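Worksheet: the structure to be examined is printed underneath.
Coordinate-derived values only; no laboratory data. This structure is a prediction, so every number in the text was calculated from the model and none was measured. All Cβ positions, glycine included, derive from the backbone under ideal geometry; neighbour counts span all protein chains shown.
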Amino acid sequence: MGAVWDAFQANDGWGQTWTHVKLSVTALVMATAVGLVLGVLCAKVGRVAAFLVVTVSNLGRTVPTFAIIALILALTSLGFWPAVFGLFLLGIPPILLNSYTGVREVDPGIVEASRGMGFRPLQVLGRVELPIAMPLVFAGIRTSAVQIVATAALAGLVGAGGLGVIVSSGLSNNQDDVILAGAIPITILAALAELVFGGAERLATPRGLRITRRPVIE
Amino acid sequence: MAVAELVKWSWVENNLDDIQQASIEHLQLVGAAMGIAIAVSIPIAILVRRRRIPFIAVNTVSGALYTIPSLAMFAFLLSWFGIGFEPAVIALAVYCLQLIIRNTVVGLRGVSGPVQEAARGMGLTRRQRLFKVELPLALPAIFAGIRLAVVSTVGIATIAVYIGAGGLGVLIVNDGIQRGLFVTPIVVGAVIATVMALVFDFLLVLLERALTPWQRARAGTA
């Protein structure tokens, strides 16, 4: 383990970790904004548009992410923003599809009731539909976050910066310690993303919808 | 068309043999990984289907493995087993475990009580009930898991080139990325992989239909 730690420090491990985090967080924030808005729009607006967007998102999943990210970097440059752009595109589908399904599957009776209470359409969306859809939206963000961290490693492999760069240099020089010095932090980042957003998913569930094991009266 | 500018057809024509070779290797990787994953996952799912804690344990472990980024997974197997076809297949198979196990368990648990009761009433043994009633009825769920797994495996297998296992990654990495990000082989690799994923998915749909004739019969009468 000592050798791996040395290799981590010798290859600017902290710097590359920071780049990796910056790449991933920027892409995730953008993907969340776009995915959520598009997903809600699709659930509210015409069926044809919704069908198109959902089909494209599903088709997008059959193209290997590695090829997409390599292609985007090849067609632009090996910089920070091209990598963010690729990760952003790949991060949209899980969030979009989950937001769409989440809003779509809100019980029509509940929507009807809130309308009866005098809510305007935007209020119905903001106070009723979105809160109920939140757990699913966050599940999408979690999937997307883990995937973005993993794909950022591939972007690094191509040469765009981040922890993949360390793996890449280890691979080309046949140094196992260097390979692991990149691979272990990548795994830790993915696990962190999973834990953080898994927790957020639970917190995002409106209190009234949480299934509690404790007695209702505390 | 933008595609015409992106793809230098002369490269494709001059490298048809390599393209064919990479495609065959890719098929072998995906086929071997899926075979192993199915052979391991379904028995595990059968074992844990009625037990809460073992199912949670299996689901947690396979879920944690699923979270490991593909590049890191290949890197770990590379440092433990060295380069080659087998470590790549193991890495790919590991990713499929959760999808197939979870779907199989959900499918098996979804077999309704009255159906189980009827099977028991007909005098079927436990084993007969499993193979003649529960597993066939769980097939749609099992196939859903396998279809998700095969599509993602075709994609992840493009990284197997880094562990010396060949496949379409050879085009993307050796011919594309390492030659100053030459676009043509990357596009060729991506297109073949995408078509391969779609064809696998389609074949699985056909196989599922062939194996579950009662579903069509039901749809026909409804």
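A few remarks follow.
- Proxy reagent accessibility, fewest Cβ within 10 Å first, across A:V56, B:V111: A:V56, B:V111
- Cross-link reach list, aspartates and glutamates versus B:K8, counting only Cα pairs under 18 Å and skipping chain neighbours closer than eight places: B:D17, B:D18, B:D175
- Under 16 Å from the Cα of A:K44 - aspartates and glutamates, other chains or at least 8 residues apart: A:E105, A:D107, A:E112, A:E129
- Among A:R142, A:R120, A:R202, the largest mean-square fluctuation in a Gaussian network model of chain A, built with springs joining Cα atoms closer than 10 Å, belongs to A:R120.
- Counts of other chain beta carbons within 10 angstrom of each beta carbon in peptide B:72-81 average 6.
- Rounded if a/c under 1.5, otherwise prolate or oblate - segment A:67-218, Cα gyration tensor axes: oblate
- For chain B, the longest principal axis of the alpha carbon atoms and the long axis of helix B:16-48 meet at an angle near 20°.
- For segment A:2-206, the dipole from Cβ point charges (+1 on Lys and Arg, -1 on Asp and Glu) about the Cα centre works out to 820 debye, to the nearest 20.
- Rounded tilt (10° steps) of B:52-67 against the dominant C-alpha axis of chain B: 10
- Across A:I179, A:I69, A:I110, mean-square fluctuation computed from a Gaussian network of chain A (C-alpha pairs under 10 Å connected) peaks at A:I110.
- Kyte-Doolittle mean at least 1.0, axial Cα span of 20 Å or more - DSSP H helices of chain A: A:13-44, A:80-104, A:130-158, A:176-204
- Burial ordering of B:R218, B:R147, A:R127, A:R61, fewest other beta-carbon atoms within 10 Å first: B:R218, A:R127, A:R61, B:R147
- Value at 222 nm in deg cm²/dmol, rounded to 500, when DSSP H runs of n ≥ 4 in the protein assembly as shown each add -39,500 (n - 2.57): -25500 deg cm²/dmol
- Debye equation applied to the C-alpha atoms of chain B, log10 I(q)/I(0) at 0.08, 0.17 Å⁻¹: -0.38, -1.15
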